[in-house]
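Structure, as structure tokens:
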Amino acid sequence: MTDFSEWFHNILEEAEIIDSRYPIKGMHVWLPQGFKIRKHVMNILKDMLDKEHEEVLFPLLIPEDELAKEAIHVKGFEEEVYWITHGGLTELNKKLALRPTSETAMYPMFSLWVRSHSDLPFKFYQVVNTFRYETKHTRPLIRVREITTFKEAHTVHVSKEDADKQVEDAISIYKQFFDLLGIPYVITKRPVWDKFPGAEYTMAFDTLMPDGKTLQIGTVHNLGQTFAKTFDIKYETPSGEHEYAYQTCYGVSDRVIASVIGIHGDEAGLRLPPEVAPYQIVIVPIIFKKGGAEVLSKCEELKETLKEAGFRVHLDDRDLRAGKKFYEWEMRGVPLRIELGPRDLENNKAVVSRRDNGEKSDLNLDDHFITSINEFMASIISNLRDTSWEKMNSHIRPAETVEEARDEVANNHGIISFSWCGDEECGKKIEEEVRVDILGVQGEYESGKCINCNKPAKYTALLAKTY
Ligand code: PR8
């Protein structure tokens with residue numbers, strides 16, 4: 001892919017994912033194909049969350065005074081909030097914000113709901129649209145002003161330990177989620193100057209896009225007691241005292257879909273993981289002059305059997321050249337194509353073609369063929385996952401000095417790992433010198449020296465050009 005940005009823009013249009021011609025910057029229309037991918041992606045995550053969380057739905061609008069209550073939070077979002085000032089011709093006496101995220105919508109209600117230690121933990125989530133007046137360059141799915149697929153989870157706990165544990169649990173849920181989609185990631189603790197406004201600390205998932213820039217695809221925030229103190233979320237302990245609760249929140253967005261498209265895609269178009277593909281299998285009859293009816297009826301039978309087995313399958317019986325159909329379904333990323341012609345019919349077999357690696361093989365249409373299809377699907381996702389992890393890992397390079405880091409960035413190698421003392425001033429200096437962002441730190445570091453100040457390093461940290 002020579003120009004990722006152009007490729008991405010074109011594929012969104014060609015594969016009918018979204019229409020970006022809507023006349024408001026940063027707001028787009030989901031088209032049927034895109035909507036289906038989005039639905040399947042979100043269903044994976046919802047199924048995972050539903051095991052321990054309850055789904056809720058809060059209003060879109062937040063009163064100005066609630067949004068303003070948490071000073072650091074509101075400061076972090078002040079330049080990004082859209083305001084409603086009028087109802088018809090009447091000026092509202094209290095402005096209403098379109099939620100940029102829902103802490104200040106939810107927590108006043110949590111304050112009413114939390115009573116006793118026995119009510120906790122609370123684990124809620126919602127999938128909603130949020131609005132952020134982004135000033136950086138907007139891009140479909142990647143940086144939008146209406147985030148249409150904002151999954152936000154919010155939890156409340158009795159102790160710091162429980163909140164810390166919840167952060168670990170949320171990280172583990174997101175890991176499983178991205179693994180199912182075959183999306184590689186690095187997990188870091190964001191530097192203090194880049195944490196979520198109001199959080200004690202932020203853990204972030206970043207993936208590497210084909211142009212060498214990283215994309216933040218998910219975040220988990222430990223909110224400590226900051227919001228509980230602001231919104232008066234208190235519980236009664238078993239001994240009758242009243243204590244402030246501890247909170248966490250974590251979210252993903254449309255960016256997950258952007259990464260599925262961008263990371264797996266190739267020159268021929270999308271390569272969708274079977275779990276999220278609108279059609280998992282397309283059947284293309286190969287019809288010559290003779291024997292067309294028999295071929296078609298076998299294809300119909302095949303389709304019904306596959307449908308019964310739970311696959312999303314489509315029979316493309318349009319009167320078009322087979323090659324044209326192949327091209328179209330490849331572009332749309334259908335994981336498996338089954339071709340069946342008169343000779344195959346005689347031999348009770350078909351030809352299966354994989355979108356992920358282009359391999360073709362014969363499929364015996366005997367009693368076990370569904371097992372073979374299942375094996376193909378499992379092999380497709382593991383191949384997509386392995387190749388994208390390999391690719392990302394091959395673009396993570398160490399740098400011993402600031403100059404080396406700068407060279408690596410210039411050569412567009414993706415992510416750079418380096419030793420850092422952890423000092424804020426030093427970190428900002430590194431960002432300035434290398435002209436990229438510190439993603440965060442990966443853990444305690446035993447030896448080595450900070451690449452900027454030469455003092456003993458505390459962490460291995462990551463740097464990258466970011467979206
Ligand atoms: C929270 N509160 O809000 P976060 N376009 C697309 N995706 C975006 C954009 C954008 N303009 N801005 C952020 N994201 C917390 C956690 C409730 C849930 C994506 O956290 O501000 C990023 O992937 O970090 C980000 O990690 C995620 O939304 C959550 O947003």
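Quick one: which residue in E433, E424, E403, E444 is in contact with a helix residue (DSSP H, G or I) (Cβ under 6 Å, 6 or more places away or on another chain) and surrounded by fewer than 18 Cβ atoms within 10 Å (Cβ to Cβ)?
E433
Taking helices (runs of 4 or more DSSP H) that fall entirely within region 1-95, which contain at least 2 residues that are buried (at least 16 other Cβ atoms within 10 Å of the Cβ) and within 18 Å of the chain's Cα centre (by Cα)? Before the answer, list the steps.
Values: elements: 4-14, 32-50, 64-69, 71-77.
It comes to 4-14, 32-50.
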Checklist line | Residue that is farthest from D169 (Cα to Cα) [pool: residues in region 203-212 that are assigned to a loop (DSSP other than H, G, I, E, B) and more than 14 Å from the ligand (Cβ to nearest atom)] | finding: D211
Next item on the list: Can you run down the residue pairs with Cβ atoms below 8 Å, 6 or more apart or on separate chains, where the first is in region 1-15 and free of Cβ contacts under 8 Å to residues at least 60 places away in the same chain and the partner is not in a helix (DSSP H, G or I)?
Entry: E13/D19; E13/S20
Next item on the list: For region 122-133, enumerate the residues that are surrounded by fewer than 21 Cβ atoms within 10 Å (Cβ to Cβ) and in a loop (DSSP other than H, G, I, E, B).
Entry: Y133
Item checked: One residue from S388, S297 being over 19 Å from P278 (Cα atoms), without any contact (Cβ under 8 Å) to a residue 24 or more places away in the chain and of a type in the set (S, T, Y) -> S297
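When you go through P285, P273 one by one, which is the residue that is away from the ligand (no atom under 16 Å from the Cβ) and either closer than 30 Å to S388 by Cβ or touching a His at 6+ places or on another chain (Cβ under 6 Å) (or both)? Please lay out each step first, then the result.
Working: P285 fails: either closer than 30 Å to S388 by Cβ or touching a His at 6+ places or on another chain (Cβ under 6 Å) (or both).
Unique residue meeting the criteria: P273.
Only one of these is surrounded by fewer than 16 Cβ atoms within 10 Å (Cβ to Cβ) and within 14 Å of the ligand (Cβ to nearest atom): K136, K160, K151. Name it. It would help to see each step written out before you state the result.
Working: K160 fails: within 14 Å of the ligand (Cβ to nearest atom); K151 fails: surrounded by fewer than 16 Cβ atoms within 10 Å (Cβ to Cβ).
Sole residue among the options that is surrounded by fewer than 16 Cβ atoms within 10 Å (Cβ to Cβ) and within 14 Å of the ligand (Cβ to nearest atom): K136.
Rule-based calculations on the coordinates, nothing more; no lab input. Source: prediction; values computed, not measured. Cβ sites come from the backbone with ideal geometry, for glycine too, and all protein chains shown count toward neighbours.
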